[in-house]
Each structure stands twice: as C-alpha cells, then as structure tokens.
1. Take region 19-178, compute every pairwise Cα distance, and split them into 10 Å bins from 0; I just need the percent in each bin.
2. Order these peptides, 107-113, 28-34, 137-143, 58-64, by their mean beta-carbon neighbour count within 10 angstrom, highest first.
3. Considering lysine pairs in the chain that are 8 or more places apart or on different chains, how many have Cα atoms under 25 Å apart?
4. Which distance in nm do the two modelled labels at E115 and D86 give, with both placed 7 Å along the Cα-to-Cβ direction?
5. How large is the helix-only mean residue ellipticity at 222 nm for the chain, computed as the sum of -39500 (n - 2.57) over DSSP H runs with n ≥ 4, divided by its residue count, in deg cm²/dmol to the nearest 500?
6. Run the numbers for W144 and E104: contour at 0.36 nm per residue of separation, minus the present Cα-Cα distance, in nm.
7. Restricting to region 19-178, what percent of DSSP beta bridges are antiparallel, rounded to 5?
8. Net charge around V146, counting only other residues with Cβ within less than 15 Å of its Cβ (Lys, Arg = +1; Asp, Glu = -1)?
Amino acid sequence: MAVNSSPLAPHWPEALLARAKRIRLIALDVDGIMSDGRLYFSASGDELKAFNILDGLGLKQLMAAGITVAVITGRQSPLTEKRMGDLGIPHLMQGREDKKVALEELISKMDISPEVIAYMGDDLPDLPAIRFAGLGITVPNAYWLVQEHADYCTQAAGGHGAVREACDLLLTAQGKLEEALTRYLEPDA
C-alpha cells in the first residue's frame, strides 16, 4: 500500500505546500502547542504536563527526514526538558520570553535564513516569531490575533495532534511522507 500524502493534503493550498517544501527547521512553543495549554499542579506544587504521543512520533519522523526540530518556550520546566530529551530534540531553549530573538539566535548559529524555518505557536509571545518565519503555523485554540497572522492553522487543537498535523504537512510537501510511513506499511521494511 502506497501513501503519497496525508488525508489532509487536499485541504492544503498549493501556496502553503510550496512554503512547506523549503522548510529545514521547525521551532515549536510548548504550552498550547505540544500540550493543551493548561497548567496542572499537584497539591505539593509539582507541575504536570500531558504531551500527545502522536506529536512525538511525528517529530521523530521529521528529524529522520532531515528536518531539524527546536523548542522555544517562555517557561522553565524539568518536564519539558525530559520530554524533549526523550524525543532527541537537539535544540531546547527554555525561559525565553522573546521567541523571535531566540529564533534569530538559533538560525544564526545554524546559518540558515528565515525562509527555510517554520514556527508554531499559539499566543502573543509567539506572534513575532510566527511573522518572522518563512512558515507560521498555529492551532484553532490559539489567540485570534495569532490565527490572523499565521500562514496555516491546523485542524487539530494544541496538545491533540496539531504538531503531528504540521509534521505531515512538511513531510507531504517535501515528498517524504511515504518514506516515513513505509516501515509501518511493509512488514519486512
């Protein structure tokens, strides 16, 4: 069985696919993107987060396809550090309120231009980075102004597979989705 694109591909305009085709780095916010945006605290004050397993595999598929993944978050969280470490994400920038400045530092270090980066965020601190990136992505539960400025708004909500949808968009646009899925479709692959 061959898979040439995500089932969402017919909904992706050609202009969006053209932008997604050139992406070499995707940077993501955490709260509201990789999680549902709610903060959970135990009675003893311990922070809890829920991460979607679909998103994690999508990010691993991106990295295997040669797309670099970075996480830029305004909060400091040992849980985020643990999850990103488990996923093998090479760039984690925590405690960064100015996401655009952090993104500029990252692309300077990587010697790439804004046109080849995607940024995915959901609230006002993410807006400058979304506008700066070659492809700005958000979620349907994002703040309205962020949705207004993003190039693409996922169908899935933050923390509920939105990152995986963005991963499928990039892999489809770059003709790499079939390769990413082959090992699951062919028993001997």
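Only the coordinates and a few stated rules stand behind these numbers; no lab work does. Worth saying up front: this structure is predicted, and the values here are computed from it rather than measured. Cβ: placed from backbone, ideal geometry, glycine included. Neighbour counts: every protein chain shown.
1. Result, from short to long distances: 12, 45, 37, 6, 1 percent.
2. Values: 107-113: 12.1, 28-34: 25.7, 137-143: 23.7, 58-64: 19.9.
By packing density, highest mean first, the sequence is 28-34, 137-143, 58-64, 107-113.
3. Lysine pairs meeting the criterion: 19.
4. Output for this residue pair reads 3.9 nm.
5. Taking each H run of at least 4 residues, the total per residue is -11500 deg cm²/dmol.
6. Working: separation 40, 0.36 × 40 = 14.40 nm, distance 2.46 nm.
Fully extending the segment from W144 to E104 adds 11.9 nm.
7. Working: 2 of 18 bridges.
Of the beta bridges lying entirely in region 19-178, close to 10 percent run antiparallel.
8. Numbers: positive: K99, K100, R131; negative: D29, D31, D122, D123, D126, E148, D151.
Neighbourhood net charge equals -4.
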